[in-house]
Every structure is written in structure tokens, then in C-alpha cells.
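What follows is calculated from the coordinates using simple rules that are stated; it is not laboratory data. Small disclaimer: the values here were computed from a predicted structure and weren't measured. All Cβ positions, even for glycine, are placed from backbone atoms using ideal geometry, and neighbour counts span all protein chains on display.
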Amino acid sequence: MSKSNIMNTYGRFDVVLEKGKGTKVYDTDGKEYLDFVAGVAVNCLGHNHPAIINALMEQSNKLMHVSNLYWNIPQMELAEKLVSHSNHHQVFFCNSGTEAVETAVKLARKYGKTNGDSEKNQLLYMDNSFHGRTMGALAVTGQGKYQKSFTPLMDGVQAVKFNDMDDLTKKMNKNVCAVIIEPIQGEGGIIPAQKDFLERARTLCDDYDALLIYDEVQCGIGRTGKLFAYENSGIIPDVICMAKGLGGGFPIGAVLAVEKAANAFTPGDHGCTYGGNPLACAVSCAVLEELISGGVIEKVEAKSQYIIDKINELKDKYSNIQGIQGMGLMLGITLSTDTKQFVEKCFHKGLLVVGAGQNVVRLVPPLNVTMEELDAALHIIEEVLEDVDKA
Ligand code: PLP
């Protein structure tokens with residue numbers, strides 16, 4: 001099998017992963033790894049979870065795909081679940097995070113045109129944010145390195161300094177149709193939005209009749225210890241973008257909106273061939289059931305605190321650690337040395353972790369990770385710190 005048939009878009013480790021169980025994955029030589037990347041915050045129930053497998057088998061025996069020209073049961077069930085656990089009223093389904101953001105951007109533009117004049121089409125986004133790779137999502141991504149090769153990007157967008165209330169206030173005006181924020185910046189380095197910043201964004205959006213959009217693609221679906229990340233601040237957005245953990249490994253994306261926002265779309269405005277596909281929705285229903293009724297989310301906070309306490313202990317011992325930030329099982333260890341080397345050393349010792357931002361190592365394990373697995377991962381992290389200290 002040749003690797004050269006795959007387009008060269010990722011810097012990959014020289015390993016082929018073949019199977020997984022729970023938090024563990026195995027390569028083609030049988031080597032075991034603790035997977036604290038979890039498909040970058042996707043495999044919220046780990047690998048090969050029986051609830052996911054059962055849902056896949058059951059639904060694929062019934063109906064795998066039908067067009068959105070017709071209704072299907074899993075799509076309606078999933079929408080009902082998302083609505084009943086949120087402050088929101090309607091859902092649009094798609095396949096990925098970037099598609100969810102595209103949907104939100106289009107919804108915002110349509111909302112602006114419906115509720116204002118033709119000039120109400122501006123979107124404010126945050127410096128250092130990440131919203132995806134398609135052209136609309138890329139235009140509201142606040143990191144030039146992802147954009148520079150693909151200009152010209154969509155116009156009618158403006159960057160705001162993240163967590164800077166004055167900058168946000170200065171840039172808000174009647175032509176703004178939406179403000180898009182990650183409640184915790186993921187790719188940018190696990191940086192939470194401050195509560196007073198979110199409060200200001202909410203007030204300004206209300207004052208100027210703009211939509212407040214939260215991108216919860218990475219931080220949503222239980223990752224922060226609440227089903228939705230917005231529940232932590234209590235500041236409710238008009239629109240939420242979701243993907244990743246929503247399918248637990250099966251591709252699905254969604255946009256959840258309050259009524260006034262959702263009403264902006266009418267038939268023909270937006271669509272998605274696979275969006276709300278019965279198979280994806282059946283899996284997602286099973287994932288939510290397990291996360292909520294299976295008690296997975298309620299244990300996230302204790303696991304988070306356990307990691308934070310251990311890393312803080314290590315911080316007193318190893319100068320390489322500057323701190324740990326984030327929420328729930330979306331944590332970032334800030335290092336004073338090279339993240340790449342640290343991640344590689346973890347890999348060789350059987351722990352998968354991924355960098356974020358400049359010098360942050362991200363820990364986003366499955367939400368059902370066991371305490372023993374946390375100990376094993378923290379042990380490897382200490383070994384690597386020891387190694388780096390000596391070097
Ligand atoms: N938004 C956020 C916050 C993300 O972290 C990501 C991916 O990392 C995306 C959007 C894009 O999601 P996808 O890769 O599924 O298109």
C-alpha cells in the first residue's frame with residue numbers, strides 16, 4: 001500500500017493505526033497507544049464503543065440514506081434531543097465542523113438581510129480563532145497562516161481582539177449581522193473566552209440585532225463537563241455550531257439556533273445532501289444517550305480536576321511546564337520548550353497528544369477515559385518532562 005496516493009495536506013507520524021478499543025489504539029505492528037487525541041476531540045466515547053456499533057448495525061439494516069426531500073426518524077429524534085437539552089429551537093444537519101460554520105455564516109447573512117437593510121452583512125470574528133478550512137469558515141478564522149495561500153477570501157468580515165471588550169464595542173455597529181466566538185479557542189491554544197467578554201458580546205448583539213454564534217465544534221458535546229459549552233458561562237448564543245463529538249467518530253455536523261435566527265432560512269436557502277443522514281443521526285442519538293443518560297458527562301469535571309492537580313504538581317518539579325488551562329477534558333499544558341519534540345517523545349512512549357497554538361500540548365481524551373488511563377498518560381508525561389529537562 002502506497003502512502004503517496006494521498007494528497008500531502010498533513011504532517012503525519014510514520015505510523016498506520018489499525019484498530020482501537022476504548023482509549024487505546026493499536027498500530028499495524030501491534031504497538032499500543034493511549035489516545036489522548038481522540039481524533040482531535042471526536043471520539044468522545046473512545047474507540048469501538050458498543051452503543052455506537054449497535055446503532056450503526058441496527059440503522060444500517062433499516063435505512064442508510066434518504067434525501068431531505070423526505071423526513072426520516074433518526075433525524076427528527078436527534079433534533080428533538082438537541083432542542084430538548086438546549087435553549088434553542090431548530091437544527092440544520094450537515095457533515096463536519098466547517099460546514100456547520102458555513103451554515104451559520106449564511107444564516108447570519110440571511111438574518112441580516114431579513115431584519116435589516118442590504119448593508120447588514122458584516123461578521124465580527126476573533127483573533128487567534130479557528131473555524132475550518134472552507135472559504136467562508138476560513139474568512140472568519142483569525143490566524144493568517146491558514147489563510148495566506150488562499151486569498152482573496154470572503155469580504156464583509158472584521159477581526160476583533162479576543163477577550164478585548166473595548167475592541168469588540170468599538171467594532172460593533174448596525175451593519176454587523178453576527179459575532180462568532182469559540183467559547184474555548186481550540187486550535188489557538190485552549191484559551192477560554194472570559195465571561196465578561198461573552199456578556200458584552202451578548203449585550204452588543206442584542207443592542208444591534210446581530211446573531212451571537214458560538215463555535216462549539218471542539219468544545220461542545222460534553223467536553224467541558226456540560227453538554228453545551230455555553231452552559232458554563234450561562235450566556236446563551238443564538239446559534240451553535242457542532243460537529244466532532246456529536247458523532248463520536250461518525251461524521252456529522254449541526255447548527256442549532258433559536259427561533260428568530262432559524263426562521264431566516266426558507267426552503268432553497270441552504271441544503272446538504274448527506275445532512276441529517278439516518279445512519280449518522282442514529283449514531284449521534286446513541287452517543288448523546290450514552291453521554292447524558294449513561295453518566296459520562298457528569299464524571300468529566302472530576303477527571304479534569306485530577307489532571308489539573310497532577311500537572312500543577314509536575315509544574316513545581318519541572319520548569320518546562322508553565323501552566324495548564326482549559327475546561328473539562330479540553331485541557332492545554334503550556335510548555336516553555338518546543339511542543340513538537342514533546343509530542344514526538346510522548347508518541348514514542350505510547351501516548352498520543354497534539355499541539356495547539358504556539359507552545360501548548362492539548363489533552364482531549366475520550367470523555368469515558370478511566371482513572372487508570374489518566375494515571376498511565378500522566379506517568380508518560382512525567383517521563384517526557386524528565387527527559388526534556390535532562391536534554
Ligand atoms: N471549528 C472549530 C472550533 C474546530 O476546532 C474545527 C476543527 O478543528 C472546525 C471548526 C472545523 O471542523 P472540521 O474539521 O470538522 O471541518
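Kindly write out, for region 358-372 in residue order, the coupling ³J(HN,Hα) from the Karplus curve 6.51 cos²θ - 1.76 cosθ + 1.60 (θ = phi - 60°), rounded to whole Hz, with x marking Gly and Pro.
6, 9, 10, 9, 8, 10, 10, x, x, 6, 9, 3, 8, 5, 5
Run the helix sum for the chain: -39,500 (n - 2.57) per DSSP H stretch of 4+ residues, divided by residue count, reported at 222 nm to the nearest 500 deg cm²/dmol.
Computed mean residue ellipticity for the chain: -11500 deg cm²/dmol.
For labels at residue 371 and residue 273 in the simple 7 Å Cα→Cβ model, what's the distance in nm?
Those two pseudo-labels are separated by 5.0 nm.
Run the paramagnetic zone check for residue 322: 7 angstrom along Cα to Cβ, then residues of region 344-358 with backbone nitrogen under 13 Å.
356-358
Enumerate the lysines that residue 62 could reach by cross-link, defined here as Cα to Cα under 27 Å, with residues fewer than 8 away along the same chain left out.
Excluding near neighbours in sequence, the set is 19, 21, 81, 244.
Mind checking which lysines have their C-alpha under 18 Å from residue 299, skipping anything on the same chain fewer than 8 residues away?
Straight-distance partners of residue 299: 226, 310.
Would you mind computing Rg(Cα) / (2.2 N^0.38 Å) for region 146-220, counting N as its residues?
Ratio of Rg to 2.2 N^0.38 Å for region 146-220: 1.14.
Towards the positive end of the charge dipole of region 51-292, with charges on Cβ (+1 Lys, Arg; -1 Asp, Glu), say which of 153, 55, 219 has the farthest Cα.
The residue sitting most towards the positive pole is 153.
If R0 is 35 Å, what FRET efficiency do you get for residue 148 and residue 195 from their C-beta distance, rounded to 0.05?
Once rounded, the FRET efficiency stands at 0.60.
Provide the descending list of Cα extents for region 1-59 along its principal axes, expressed in whole angstroms.
Sorted largest first, the three principal extents are 36, 25, 22 Å.
Based on other C-beta atoms within 10 Å, arrange 383, 373, 290 from fewest to most.
If I rank by nearby Cβ atoms, fewest first, I get 383, 373, 290.
How would 126, 7 line up from fewest to most surrounding beta-carbon atoms within 10 angstrom?
By the 10 Å Cβ count, ascending: 7, 126.
What are the extents of the Cα atoms of the chain along their three principal axes, in Å, largest first?
Per principal axis, max minus min of the Cα coordinates gives 63, 54, 43 Å.
From the residues 302, 142, 194, which one has its Cα farthest along the dipole of the chain in the positive direction, the dipole being from +1 and -1 charges on Cβ of Lys/Arg and Asp/Glu about the Cα centre?
It is 142.
Can you check what the net charge comes to around residue 194, using other residues whose Cβ is under 15 Å from the Cβ of residue 194 (Lys, Arg +1; Asp, Glu -1)?
-3
To the nearest 0.05, how large is the calculated FRET efficiency for residue 12 and residue 336 if R₀ is 22 Å and r is the Cβ-Cβ distance?
0.25
Using the structure shown, select from 170/260; 24/349; 120/161; 195/315 the pairs with a Cα to Cα distance greater than 18 angstrom.
Going by Cα-Cα distance, 170/260; 120/161; 195/315 fall outside the 18 Å limit.
Put one equal scatterer on each alpha carbon of region 11-124, apply the Debye formula with no solvent term, and list log10 I(q)/I(0) at q = 0.20, 0.23 1/Å to two decimals.
The Cα Debye sum returns log10 ratios of -1.21, -1.31.
Using a Förster radius of 45 Å, what is the FRET efficiency between residue 383 and residue 206 based on their Cβ-Cβ separation? Nearest 0.05, please.
Working from the Cβ atoms, E equals 0.30.
How many angstrom lie between the Cα centre of region 337-380 and the Cα centre of region 136-184?
Here the answer is 30 Å between Cα centres.
What does the charge dipole of region 51-292 about its Cα centre add up to, to the nearest 20 debye, if the Cβ of each Lys and Arg holds +1 and the Cβ of each Asp and Glu holds -1?
My answer is approximately 400 debye.
How do 292, 307, 190 rank when sorted from fewest to most other Cβ atoms within 10 Å of their own Cβ?
292, 307, 190
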